[in-house]
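First the structure, in the form of structure tokens, and then the observations on it.
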Amino acid sequence: MAESDQEVGGVDPLVLGELLACATNNLWLGIILFDRDRKVIFCNPRYREMYALSPEQVRAGTPIKDLIAHRLKLGLNIRGEAGAYIRARTEGSVASEETVQQFADGRIIAYTIHPLPGGGGMATHEDITEREELSARLQERNFQFDIAINNMSHGLCFFDADHRLRVCNAHYIDMYGLPADRVGPGTPLAEILDMRFEAGSVPAMAREEYANWRTGVATSAEAADSIVEMRNGRTFKIRHRPMPDLGWVATHEDITEQRKAELQIAHMAHHDALTDLANRVLLGQRLKQALEQGGMFAVHHIDLDKFKAVNDTLGHQAGDILLQDVSRRLRRLARESDTIARMGGDEFVILQTPISGQGDAEALARDAVSALSAPFALGGHQASTSASIGIAIAPREGATPEQLLHNADLALYRAKNDGRGVHRFFEPAMDEEAQNRRALEFDLRNGLAAGEFELHYQPIVKTDGPEISGFEALIRWRHPRRGLVAPGSFIPLAEENGLIVPIGEWVIRQACATASRWPSHLHVAINISAVQFRQPGLTEVIVNALAATGLDPGRLEIEITESVLIQDRNGALATLHQLRALGIRIAMDDFGTGYSSLTYLQCFPFDKIKIDRSFVSGVGNDAASLSIVRAVAALAHGMGMTTTAEGVETDEQRERITAEGCTEMQGYLFSPPLPATEIERRFLTADVPAMPARIAAA
Ligand code: C2E
Ligand code: CA
Ligand code: CA
């Protein structure tokens, strides 16, 4: 060519040719030039290499169709028939074209045809296998990422260093109630905050304040976890994690339900389920706090006096209503700074803090006693209780919660002993009393083992004739230092600590043994405590005692008070029926002093009613007592029961109760309780008259 001799752009054409050759030889692209007849003009080595062609297979003049046929042999995937494929690419004029070829061995080669002015063309071929694989992998990765972020239970968002959203999942948009069409890659954080303010999915803060806080978290290089309560009532846990490029990723978890459950559990751990008052645990914490603050405060220990009876006669449901009402009444008395706690059962504590003096505590205790003495409406029934309160004043009466509660408890013990329905302040002497009680308890345990108990017997005589029908066994404790101790001083304690059970068993055996030596028409009456009555195995103890002593069961009488029937009435009735089936007689003791004596007469056919001494002593001068004695005697007569008047001390009383129809009597008038030997000497030896002269003469 003539022009090739000329210089191009001032460069020697020879040099230029070499440069071009060098460039095409080293090109990553395969290049091929062909003329209008679709015959090869030139190709570079890379082209040959790509299609594994020898220089002989592709030289100037080689038809392009041979090269396409060669590619088909190499495993080029095509659609349709080979001939048609080749024809489509080699006929007609050369046009621009981009094609991607896939080979059976996995290679992907793309080529682009550029038409040349003379009618031929140039094609560049590029092996894009790796690039395609990479992009396929990327696509797959993106796909997985999308699936992952849109299926996680948390909201997720990525922001870049400029505080623009990179990506977020659908959950994030939902959680914050964002308009999905306004949130996408590039949305600035500030705009998202605006949308959140519109939706109410922001904490109760001013926009500025919240935005500053959020930006602070965003720009900090620290990971941060925060729990945010939204205006719309939801609670989110946000985990913010900075990224190396100064952007961040955050996950958003809706923990509203979990939060509620946690709060509920925390509440339950510190409150009583029935009344929702503070429980022991919370009270302990509040007491500790109050002590740490160092001011003066009062601890009121409140105990309902007759709650058990209400619970047992009207049922647990009624008992629950009563306790709830008690808590309402106490709430009305307490201030915001006070704590009211239920300690379990019918025991409550008010921590009254602060107080300016003992007078404040006095006033609250009085109010509480009076508030709790008003009758309670329990679904159709009315019930009355009263409350006893023991008070300890802090800090002078206790440096620890335990000590304060203990001292308030001692004061409560005193309040109960002082007749209930009253309040008492702790006094150091109470501690001494408690120590005495403990000492007494210690002695009681030893006393049983050491055989310090003895039984005295009090005759029971018939009112219509001068005969003794039997004796009531009454326990005494011959204490090595205290002398002869009456049962009133130790039976309640023995009932409190359970010692009444072995003591009672001893009484049963001892009384049966003594009575078995008496003439066979005389019976023996034994008092059985409600505490012992509830113990399983009572019947067995009695049967064993009868068997061991040979006493006829018909000569044994059991005296119980109505308290036996108050708790577990069915269990008690079963035992009573068992005993009755053995031939033992059952008497109701202290009739009229309990809560609802008449009710209990209905549920068991007692053999005998013992009218309490408090009524008998009044028959001479108190019309009410006389009416009661009269009514009970008539009632008993009507129901086929005998009646014993207790504590007859005067002739007048004897005459009255006899006139009213009592069948038996017992009292100092006839004889006090006496040791067994004395009973035998006075009443059971043939050579002395069975009756003291004055009764026999009556
Ligand atoms: P209780 O069963 O009502 O016994 C009658 C009490 O009245 C006895 O008191 C008796 O000594 C007393 N007493 C009898 N006649 C008169 C009288 O004319 N005037 C006065 N002022 N009192 C009279 P004691 O022996 O002190 O017993 C008190 C209570 O202790 C008994 O009351 C009974 O509830 C209980 N108790 C006595 N012995 C036992 C026992 O072995 N086991 C159990 N569980 N309790 C017992
Ligand atoms: Ca008795
Ligand atoms: Ca009695």
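Looking at region 208-258 from every direction and averaging, what is the projected area of its Cα convex hull in nm²?
Taking a quarter of the hull surface, the average projection is 3.7 nm².
Where nothing but the Cβ of Lys and Arg (+1) and of Asp and Glu (-1) is charged, how large is the charge dipole of region 186-260 around its Cα centre, in debye to the nearest 20?
Dipole size: approximately 240 debye.
So, in nm, how far is label THR685 from label GLN578 when the simple model puts each one 7 Å beyond its Cα toward the Cβ?
Between THR685 and GLN578, the label points sit 4.2 nm apart.
Going by alpha carbons, how many degrees (0 to 90, nearest 10) lie between the helix axis of 207-219 and the longest principal axis of the chain?
Between the helix axis and the principal axis of the chain, the angle is about 70 degrees.
Can you show me the helix-derived [θ] at 222 nm for the chain, built from DSSP H runs with n ≥ 4 at -39,500 (n - 2.57) apiece and divided by the number of residues, rounded to the nearest 500.
Roughly -13500 deg cm²/dmol at 222 nm, from the helical runs in the chain.
Could you tell me what percent of the DSSP beta bridges with both partners in the chain are antiparallel, to the nearest 5?
Of those bridges, close to 75 percent are antiparallel.
What angle, in degrees between 0 and 90 and rounded to the nearest 10, separates the Cα long axis of helix 500-515 from the longest principal axis of the Cα atoms of the chain?
30
Can you give me the long-range amide H partners of ASN527? Hydrogens built in the peptide plane at 1.01 Å from N, cutoff under 5 Å, separation of 5 or more residues or another chain.
ALA473, GLU559
Under the Karplus relation 6.51 cos²θ - 1.76 cosθ + 1.60, θ = phi - 60°, what is the ordered set of whole-Hz ³J(HN,Hα) values for region 606-623, x standing for Gly and Pro?
Karplus values, whole Hz, x for Gly and Pro: 5, 7, 8, 10, 9, 7, 4, 4, 4, 7, 4, 5, x, 4, x, 10, 10, 4.
Under 25 °C and 0.890 mPa s, how fast does the chain diffuse according to Stokes-Einstein, given a Kirkwood radius computed over C-alpha pairs? Answer in µm²/s, whole number.
Reported coefficient: 67 µm²/s.
Could you compute the FRET efficiency for ALA82 and ALA110, with r as their C-beta to C-beta distance and R0 at 22 Å, rounded to 0.05?
0.60
Given 0.36 nm per residue, what is the gain on full extension from TRP213 to ARG438 after removing their alpha carbon distance, in nm?
74.6 nm
For region 155-306, report the translational diffusion coefficient in µm²/s to the nearest whole number, using Stokes-Einstein at 10 °C, 1.306 mPa s, and a Kirkwood Rh over Cα pairs.
Rounded, D is 85 µm²/s.
Using label points projected 7 Å from each Cα along Cα→Cβ, tell me how many nm separate ALA60 and SER489, to one decimal.
14.3
State, to one decimal in nm, how far the label point of ALA634 lies from the label point of SER370, with both points 7 Å from Cα in the Cβ direction.
Roughly 4.1 nm, to one decimal.
Please list the non-local residues whose amide H lies under 5 Å from the amide H of GLY470, H modeled 1.01 Å from N, same-chain partners needing a gap of 5 or more.
Amide H neighbours of GLY470: ILE460, HIS523.
Could you give me the ³J(HN,Hα) list for region 325-341, computed from phi with Karplus coefficients 6.51, -1.76, 1.60 and θ = phi - 60°, whole Hz, x at Gly and Pro?
Couplings: 5, 4, 5, 5, 5, 5, 4, 5, 8, 8, 9, 3, 7, 8, 10, 10, 10 Hz.
Using 0.36 nm per residue, how much length does the chain from VAL281 to PHE145 gain when fully extended, once their Cα-Cα distance is taken away?
44.0 nm
Considering amide H positions built from the backbone, and no H for Pro or chain starts, which residues 5 or more places from MET296, or on another chain, come under 5 Å of its amide H?
ILE355
Using a 10 Å cut-off on Cβ atoms, rank the peptides 653-663, 427-437 from the highest mean neighbour count down.
Result, highest mean Cβ count within 10 Å first: 653-663, 427-437.
Please give the length that would be gained between SER96 and ALA221 if that part of the chain were fully extended, namely 0.36 nm times their separation in residues minus their C-alpha to C-alpha distance (nm, one decimal).
Using 0.36 nm per residue and subtracting the Cα-Cα distance, I get 39.6 nm.
When the Karplus curve 6.51 cos²θ - 1.76 cosθ + 1.60 is applied with θ = phi - 60°, which whole-Hz ³J(HN,Hα) does each residue of region 554-563 get, with x for Gly and Pro?
x, 9, 9, 10, 10, 9, 10, 9, 5, 4
So if the hydrodynamic radius of region 271-426 is defined as the Kirkwood radius over C-alpha pairs, what does Stokes-Einstein give as its diffusion coefficient at 4 °C and 1.567 mPa s, in µm² per second?
84
Ranked highest first by average number of other Cβ atoms within 10 Å, how do 64-72, 136-144, 536-544 line up?
64-72, 536-544, 136-144
If a cysteine in the chain has no other Cys Cβ under 4.7 Å from its own Cβ, put it on the list, ordered by number.
If one checks each Cβ against the other cysteines of the chain, CYS22, CYS43, CYS512, CYS603, CYS662 turn up with nothing under 4.7 Å.
Convex hull volume of the Cα atoms in region 544-623, per residue, in Å³?
109
Give me the count of lysine pairs in the chain whose alpha carbons sit under 30 angstrom apart, restricted to pairs 8 or more positions apart or on different chains.
Final tally of qualifying lysine pairs is 15.
Any chance you could list the semi-axes, whole Å, largest first, of the equivalent ellipsoid that the Cα gyration tensor gives for region 451-577, using √(5λ)?
Output for region 451-577: semi-axes of 22, 20, 15 Å.
Using the alpha-carbon atoms, what tilt in degrees (0 to 90, nearest 10) does helix 428-449 show relative to the longest principal axis of the chain?
With both axes taken from Cα atoms, the answer is about 70 degrees.
Take every Cα-Cα pair in region 615-689 and report what % of them are more than 20 Å apart.
Considering region 615-689, 39 percent of its Cα-Cα pairs are separated by more than 20 Å.
Using only the Cα atoms, work out Rg/Rh for region 10-132, with Rh taken as the Kirkwood radius, to two decimals.
Answer for region 10-132: 0.98.
If you roll a 1.4 Å probe over the heavy atoms of the protein chains, what accessible area per residue do you get for region 152-259, in Å²?
Per residue, region 152-259 has an accessible area of 49 Å².
The values are calculated or read from the model by the stated rules, or taken from the named source; none is laboratory data. The model shown is predicted, which means the values in this text are computed figures rather than measured ones. Positions of Cβ are generated from backbone atoms using ideal geometry, with glycine treated the same way; all protein chains shown enter the neighbour counts. In case anyone asks, the SASA skips ligands and DNA or RNA and just uses the protein heavy atoms, side chains included. Shrake-Rupley method; radii C 1.70, N 1.55, O 1.52, S 1.80 Å.
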